[in-house]
1. Among the chymotrypsin sites (Phe, Trp or Tyr not before Pro) within segment 87-133, which fall in a DSSP loop and have no more than 14 other Cβ atoms within 10 Å of their own Cβ?
2. For segment 90-103, in order, what is each residue's ³J(HN,Hα) by Karplus, 6.51 cos²θ - 1.76 cosθ + 1.60 with θ = phi - 60°, in whole Hz (x at glycine and Pro)?
3. When ranked by the protection proxy of mean other Cβ atoms within 10 Å per residue, highest first, what sequence do the peptides 92-98, 136-142, 382-388 form?
4. Relative contact order for segment 152-297: what is it in percent, counting Cα pairs under 8 Å that are at least 6 residues apart?
5. Going by Cα centres, segment 240-257 and segment 172-223 are how many Å apart?
6. Can you give me the C-alpha center-to-center distance between segment 19-52 and segment 105-124, rounded to a whole angstrom?
7. In whole Hz and in residue order, list the ³J(HN,Hα) couplings for segment 199-214 that follow from phi through the Karplus curve 6.51 cos²θ - 1.76 cosθ + 1.60, θ = phi - 60°; x for Gly and Pro.
8. Taking amide H atoms as placed 1.01 Å from N in the peptide plane, list the residues 5 or more away in sequence, or in a different chain, whose amide H sits under 5 Å from that of Ala48.
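Every read-out reported here was derived from the displayed coordinates using simple, explicitly stated rules and does not represent laboratory data. Everything numeric in this text was worked out from a predicted model, so none of it was measured. So basically every Cβ, Gly included, is an ideal-geometry build from the backbone, and we count neighbours across all protein chains shown.
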Amino acid sequence: MTSSKRRKKAEVTRPPEQFLELAELLDYVGQVIARGVPGAVWVRAEIAALTDRRHLYLDLVQVGEGGEVAKCRATVWARERYALEAKFRQATGGGPLTAGLKVLLFGTAEFHPQYGFSFNILDIAPEYTLGDAALRLDAMRVQLVAEGVYGLNRLLPAPSDFERVAVIAPREAAGLGDFRRETDPLEAAGLVRFAYLEATFQGREAGGSLLRAIAEARALHDAEPLDALFVIRGGGAVTDLAWLNDLDVARALATFPAPVVTGLGHARDDTLPDEVAHTRTDTPSKAAAYLVRTVTGAAAQAQEDARNIRAAAAQVLVDASAGAEWLADRVRGAALRQTEQAAAQTDALMRQALGLTPQRTLARGYALVRDTAGQPVTRAAAATPGRKLRLEWADGAVDVRVAGQDDLSGTS
């Protein structure tokens, strides 16, 4: 390598004389952000993750049609945290900030040379979160109506009794314990068979978990028909219940082949599963009471039916006995009347027969023709010419001879 080439290479690799330290660059970025976003601003985002370490550390995201389009860290410092959480819980009925919520936050944009960009949260508008949930619920309701499945489960006949039931509930939930305290005695007595299926009812996993449990219940129904599917959980805040407003879950419940009964632990607010269910109760305890009431009502009705059957059978026997006696009286009466009629007819015949004796007949002006042997001559053909006959009247008899043709011509 020539000396000129070595000099040129050394010149190329010489470091620039002017540069910024990293801290200086990041300080500059921080100043730009501070000048560009002066003061606090309202920001709409979704909570992707949340970590509780006295302070709250959040990951905020904006999701578009193609997925995440923006993401940053956010912080709620302890000095603001408790007032902010109290405000949010009061508005939502006790619900905490949690991943998956759409939120409207008020805060400052800050850039720290060591920790990078962060959004420091000072306040929250819980009504936006509630409003977003309501809008989503309304959109799903419209979709189910358009598909023609919104009221499908309610068209099924209400169970008149329960023998085989599936129950979807969170594992070891207090609401499940309340439900089983009422229903376990029925199972112990062999009156109702229960199949308990576990599912997650809040958080991002809720939709998929509930769908899997509903599919299990449907498989049970296909193997042996269920009388009902119960979906229960303990009480919760509005934001907790919002996880149940899942379009696929609602569609699966609306099209379930057996009546769906919900007991989701709230009376004031609706969820989509409540709306599409056949029967809604407020709590797991009330769902259990509905089941127990139906079973005991069916048993009472069965007893009443048995009493009615026995009473009807006894009445049938009484009616049959009375009917047999009445029939016997009718038969005896009919036989007596027939006997009397027969006697009358016999008497009439006897009177008629007595009235037809030869003496009575002759007395009415008739004559009796006999031959010489005393036998009646009943036909004209027997009166041959020259034959001797005897004519008898009521007052006497005359002997005659049948004239021939010659006798008739001689007398003329």
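1. Values: sites: Phe88, Phe106, Phe111, Tyr115, Phe117, Phe119, Tyr128; in loops: Tyr115.
Counting only loop positions with at most 14 other Cβ atoms within 10 Å, the chymotrypsin sites (Phe, Trp or Tyr not before Pro) in segment 87-133 are Tyr115.
2. Once rounded to whole Hz, the list reads 5, 6, 9, x, x, x, x, 5, 8, 4, x, 7, 7, 9.
3. Numbers: 92-98: 18.6, 136-142: 15.0, 382-388: 11.7.
Ranked from most to least packed, the peptides come out as 92-98, 136-142, 382-388.
4. Details: 290 pairs, mean separation 48.5, N = 146.
Across segment 152-297, relative contact order equals 33 percent.
5. Each part's Cα centre sits 15 Å from the other's.
6. When both Cα centres are located, 6 Å separates them.
7. With the stated coefficients, segment 199-214 comes to 7, 8, 10, 8, x, 4, 7, 4, x, x, 5, 5, 4, 5, 5, 5 Hz.
8. Answer set, sorted by chain and number: Asp59, Leu60, Val61, Gly100.
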